[in-house]
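The values are calculated or read from the model by the stated rules, or taken from the named source; none is laboratory data. Quick caveat: nothing in here was measured; it's all calculated off a predicted structure. Counting neighbours? That spans all protein chains shown, and the Cβs are built from the backbone with ideal geometry, glycine included. These area figures cover heavy atoms from the full protein model, side chains too; ligands, DNA and RNA do not enter into them. Shrake-Rupley method; radii C 1.70, N 1.55, O 1.52, S 1.80 Å.
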Amino acid sequence: LLGTIPKANRGILFIDEINRIADISPEIADILLDVMGTKPGRIQIEEVGLPTVEIPVNVTVWAASNPDEEPGPLEDVRKQLSDRFDFVVYVDKPHGAEVVKSILEGKIKDNGLSEIFKKNLYIESRKRIEKFQIPEEIKDALALCYVNFNLESIRGLESVINGLKMLSALYDRDVNPKDVTFLARYALKHRTSEKNVFEIIKFIENTLTMN
């Protein structure tokens, strides 16, 4: 992993079974905490008799895990590590024969994302992301969420803000208040209780004007 991370600089690092790594390889979890803790992150290389070398790295870490295996879903994994992930998407197994057939035939719907990438809209969106500003009422609502619902980390709210900018840049439209509740589900589920997430979503809906 020490050799892989610098190679992934300015790219994506994918880690499978992140729950197992956090459980049985705490030293690797410590490395990931250093890499994901700041922007850019850092990685230290230590060798007996030589000075410590610190390399700055800027990577996007993607991970997969099986919530049915020990130690469980991401929210049950080491808290400091799970908090470093901006969003968590839970994928359930297919329950209908037609869905399974579609998978086997490679015909799963992609909600138009393939067209987005075919047209290089993703690359274009990176160029315009900074022009989108988050309305003050949204920032005020998120700040109140942190205080009113006793969230332990501010990273989840930062993830919502960054997600709002990315969605707006990707689809080239103004920030939509409805996006706040959509993103909050994925940014907070692994950071607080399910009940708290429900209450936060309800609070945001009541606070913001949902057009």
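Looking only at the stretch 165-206, count every residue that is surrounded by 17 or more Cβ atoms within 10 Å (Cβ to Cβ), hydroxyl-bearing (S, T, Y) and part of a helix (DSSP H, G or I) and tell me the total.
Count: 3.
Which residues, taken from the stretch 34-50, are in contact (Cβ under 8 Å) with a residue 40 or more places away in the chain and touching a strand residue (DSSP E or B) at 6+ places or on another chain (Cβ under 9 Å)?
Selection gives M36, I43, I45.
How do the pairs read when you match residues in the stretch 118-147 that are within 19 Å of A187 (Cα to Cα) and among the β-branched types (V, I, T) with residues anywhere that are at pLDDT 70 or above and assigned to a loop (DSSP other than H, G, I, E, B), using Cβ under 7 Å and keeping only pairs 6 or more apart or on different chains?
Final answer for the pair search is I134/V175; I138/V175; I138/L208.
Answer yes if at least one residue in the stretch 42-63 is exposed (fewer than 12 other Cβ atoms within 10 Å of the Cβ) and within 18 Å of the chain's Cα centre (by Cα), and no otherwise.
The answer is no, given that none of the residues of the stretch 42-63 is exposed (fewer than 12 other Cβ atoms within 10 Å of the Cβ) and within 18 Å of the chain's Cα centre (by Cα).
Can you tell me which of (1) under 26 Å from R78 (Cβ atoms); (2) within 19 Å of the chain's Cα centre (by Cα) is the one L164 doesn't meet?
All conditions pass for L164, except number (1).
Of all residues in the stretch 21-41, count the ones that are within 12 Å of L81 (Cβ to Cβ) and open to solvent by 30 Å² or more (accessible area, probe 1.4 Å). I'd like the intermediate steps shown before the answer.
Within the stretch 21-41, the first condition is being within 12 Å of L81 (Cβ to Cβ), and the residues that meet it are 21-23, 25-26, 28-37.
In the following step, the residues that additionally are open to solvent by 30 Å² or more (accessible area, probe 1.4 Å) were identified as 21, 23, 26, 28, 30-31, 34.
Residues in the stretch 21-41 being within 12 Å of L81 (Cβ to Cβ) and open to solvent by 30 Å² or more (accessible area, probe 1.4 Å): 7 in total.
Considering each residue of the stretch 80-104, count those that are over 20 Å from K39 (Cβ atoms) and surrounded by 14 or more Cβ atoms within 10 Å (Cβ to Cβ), and give that number.
So the answer is 1.
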